[in-house]
Amino acid sequence: MRNSLALLLRRTTVGALALAGMWAPPTGALAAAPVTASAREAGSIPFTQRYRALQHGGIVRAANVSITCRTPRSNDRFSPSTAPSCPTARKGATGVNGDFDMTYVDVDKDPNTYNSSRAEVLVPKGSRVSYARLYWGGNLRVGEQKPPKDNGRVLVAEPGGEYKEVLADTVVGHRVAHGADAFQASADVTRLVRKSGPGLYTVAQVNVAMGRSTAGAWGGWTLVVAYENLKQPLRHLAVWDGFNALKSGARQDVRLRGMRFPAGAGGRAGLVTYDGDHGATGDTFTLTTTRAPRRTKATALTNSANPRNDVLNSTISEPGASKPKRVPAYAPTLGYDSDVFDLGTGLRRGGDQLAFRVVSQRDRVWAGVLFVAVDAQR
């Protein structure tokens, strides 16, 4: 059960993290003016560059969901005969959040939090954190209606630490559309992650509604961490964010200029979106590169968890054998995507510009974050 904020603040260690005075921006970082928990809101926020650097190192991310399906009683009216069971859906069966009565994920055993989940920041040994930003979002209107006043506030506990209050430091995206009351907020947490280092981070109190509706309940968080490591290749690093609703062929384009990379370069890109449905095909994520005087053909980005025609399919995934831990680690998230894709085939010709495009044909989704790490031309 949710307790009052006053009780929560009395019983947990709380330190408000605001942007001003908390970190020395690395070269290329774009600083936003700090605001309070009642952050200004906008229905649509264009994608803009949040951070950029040219350095030896890379970008990692930790992510998890704040809400999941509830195992119903045998006579539960929220159990459609055509839907898979909740345990089956969590293991990968085709099912969408609108099929289920959804309830909070709460792993911390703290009676003062009503949702919480964990994920690992897996930074290579010997690295220094250059920049870290936490993104969180959800649907406020499902079986219940959550007030938007808490959109700009979450609790974060570093590995082995206690909860600290984190407040949004920039405009919060908040729009009622497609049957949902959707939002995304974010905050700079560079100082916290730099001091605390790698390990499992817990994020609690994401403002998300539980219950069941046609639009479905969804919500989660992603912590994006850029790091410097002299043993790794020189790379272009960039983080972009915004908040735009996509439906019926709508698209989100992000063009990164001045990122010169050699033929055969390596790279990765991460994408965070909300309310993608597993099995609702027609959504794609593509990369086009430019090498003067011509552009290459678009490369469809995909991985083992994301078919090229169903990229927004409720997964948290990334390439490679080293997988960050998550608690819980549900295969389909039922409404939250935070995926990392290998760009190798799309970079084979070299170039100096990257253009990413997200298209949704059937899913009603919100695009939130794009981050990129690409080998640089020396």
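Taking amide H positions as placed 1.01 Å from N in the peptide plane, with prolines and chain starts having none, which residues 5 or more places from Arg349, or on another chain, fall under 5 Å of its amide H?
Placed amide hydrogens put Gly264 under 5 Å from Arg349.
Tell me the relative contact order for the chain as a rounded percent, counting alpha carbon contacts under 8 Å between residues six or more apart. Could the numbers behind the result be given before it?
Working: 1100 pairs, mean separation 90.4, N = 378.
Relative CO of the chain lands at 24 percent.
Cross-link candidates for Lys109: which aspartates and glutamates have Cα within less than 19 Å, leaving aside residues fewer than 8 places away along the same chain?
Glu120, Glu158, Glu162, Glu165
Hey, what do the phi angles of region 264-275 turn into as Karplus ³J(HN,Hα) couplings, whole Hz, using 6.51/-1.76/1.60 and θ = phi - 60°, x for Gly and Pro?
Calculated HN-Hα couplings, in order: x, 4, x, x, 9, 9, x, 9, 10, 9, 10, 6 Hz.
Excluding residues on the same chain fewer than 8 positions from Lys149, give the aspartates and glutamates whose Cα lies under 12 Å from its Cα.
Glu41
State to the nearest 20 debye the size of the charge dipole of region 275-378 about its Cα centre, where the only charges are +1 on K and R beta carbons and -1 on D and E beta carbons.
In debye, rounded to 20, region 275-378 gives about 520.
I want to check the label-to-label distance for Thr345 and Arg308. Put each point 7 Å from Cα in the C-beta direction and report it in nm to one decimal.
Result: 0.5 nm between the two label points.
Taking the mean number of other Cβ atoms within 10 Å as a proxy for protection, how do you rank 302-315, 319-332 from highest to lowest?
Numbers: 302-315: 20.3, 319-332: 14.6.
Per-residue Cβ counts within 10 Å, averaged per peptide and sorted highest first, yield 302-315, 319-332.
Using the crude model of +1 on Lys and Arg Cβ and -1 on Asp and Glu Cβ, and no other charge, please compute the dipole size for region 5-375 relative to its Cα centre, in debye to 20.
The calculated dipole for region 5-375 is roughly 920 debye.
Taking the dipole about the Cα centre of the chain, with the C-beta of Lys and Arg at +1 and of Asp and Glu at -1, give me whichever of Gly197, Leu343, Pro328 is farthest to the positive side.
Leu343
Using a Förster distance of 30 Å, how high is the FRET efficiency between Thr71 and Arg362, based on the Cβ-Cβ distance and rounded to 0.05? Intermediate results must be reported in sequence, preceding the final value.
On the way: r = 28 Å, r/R0 = 0.94.
Result of the calculation: an efficiency of 0.60.
Provide the FRET efficiency to the nearest 0.05 for the Asp253-Ala321 pair, computing r from the beta carbons and using R0 = 25 Å. All intermediate terms of the calculation are to be shown ahead of the outcome.
Details: r = 32 Å, r/R0 = 1.29.
That gives a FRET efficiency of 0.20.
Can you give me the long-range amide H partners of Leu246? Hydrogens built in the peptide plane at 1.01 Å from N, cutoff under 5 Å, separation of 5 or more residues or another chain.
Amide H neighbours of Leu246, under 5 Å, 5+ apart: Val365, Trp366, Ala367.
Can you spot the lysines whose alpha carbon is less than 25 Å from Lys297's alpha carbon? Ignore those fewer than 8 places along the same chain.
Hits, sequence-local ones excluded: Lys247.
Taking 0.36 nm per intervening residue step and subtracting the Cα-Cα distance, what contour gain separates Val176 from Ala298 on full extension?
That pair, Val176 and Ala298, stretches by 40.7 nm at full extension.
Amide H neighbours of Tyr131 under 5 Å, at least 5 residues apart or on other chains, H built in the peptide plane: list them.
Ala226
Under a crude label model (7 Å from the Cα following the beta-carbon direction), how far is Ala329 from Asp106 in nanometres?
Taking the two extended label points, one gets 2.5 nm.
Take the alpha-carbon centre of region 291-363, take the same for region 206-266, and report the distance between them in whole Å.
Rounded to whole Å, the Cα centres lie 10 Å apart.
Computed from the coordinates by the stated procedures, all read-outs in this text should not be read as laboratory data. Computed from a prediction, not measured in an experiment: that's the story for all the values here. Because the Cβ atoms are built from the backbone with ideal geometry, glycine has one as well, and the counts that use them run over all protein chains shown.
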